[in-house]
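What follows is one structure encoded as structure tokens, with my remarks underneath.
The values are calculated or read from the model by the stated rules, or taken from the named source; none is laboratory data. Just so you know, these numbers come straight off a predicted model, no measurement behind them. Because the Cβ atoms are built from the backbone with ideal geometry, glycine has one as well, and the counts that use them run over all protein chains shown. For the accessible areas, the whole protein counts, side chains as well, though only heavy atoms, and no ligand, DNA or RNA atoms are used. Shrake-Rupley method; radii C 1.70, N 1.55, O 1.52, S 1.80 Å.
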Amino acid sequence: QEMKLRDFKEPPTTPHIKSFVHLLPNPNIYFQYKSALPSVDFKSYGAQCPDGYCNGVDEVYDKMQDSSMIFHIKPHGDGFGHVWHSVYMLGRLIITNFSDYKDKLGGLLFSDGENGIDLEKRSFNANIQLIQSILNDRSKLLEMCKNSYNAFRSNINYDKEELLLRKFFNSLL
């Protein structure tokens, strides 16, 4: 699925963690992390989410780019992962249960500790410490955000895909 592309923009200096999943699956996990990180501005956007929804992809992208990290818990993931791919395209690191995306397209972009945090790899307390340490180390946060952006750019190339599709369709004629 082709997406509207944007260039990398550095994350804000004030820590923001946002979620963009309709109906906020597993709200207990979200609120557990939000409660444990009171100095971080936590927001959840989507249908029936505490902070409302976004009107269109541009608003989603704006709010993502105004984030330090994206909290994305979506049991069973989905086929493509529009939010997942958007996070990487915009150069933000993702906080997730990686098992939701391990064998999905989005899973190809993820690397725990390099451009995201797999909550299933560590204890709750260790995850809180890791999140805080990244948010408190601007150079580490920027490195991980750039790793996300680079993972997207090195794995997703719509121009190349268009040429391959054109070749395929021409072979059908």
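In table form, for the structure just shown:
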| item | result |
| --- | --- |
| Pairs where the first residue, in segment 70-87, is on the phi > 0 side of the Ramachandran plot and open to solvent by 10 Å² or more (accessible area, probe 1.4 Å) and the second is at pLDDT 95 or above and among the aliphatic types (A, V, I, L, M), C-beta under 7 Å, 6+ apart | none |
| Residue match in segment 33-43 (condition: in a strand (DSSP E or B), modelled with pLDDT of 95 or more, under 26 Å from Gln132 (Cβ atoms) and hydrophobic (A, V, I, L, M, F, W, C)) | yes |
| Wholly within segment 76-173, helices (runs of 4 or more DSSP H) carrying at least 3 residues that are of a type outside the set (A, V, I, L, M, F, W, C) and at pLDDT below 90 | 158-172 |
| Selection count, segment 28-53, where residues are surrounded by fewer than 17 Cβ atoms within 10 Å (Cβ to Cβ) and free of Cβ contacts under 8 Å to residues at least 60 places away in the same chain | 12 |
| Per-region count, segment 91-129, residues farther than 25 Å from Ser154 by Cα and free of Cβ contacts under 8 Å to residues at least 60 places away in the same chain | 7 |
| Check on Glu59, modelled with pLDDT of 95 or more, part of a helix (DSSP H, G or I), open to solvent by 50 Å² or more (accessible area, probe 1.4 Å) and not small (Gly, Ala, Ser) | yes |
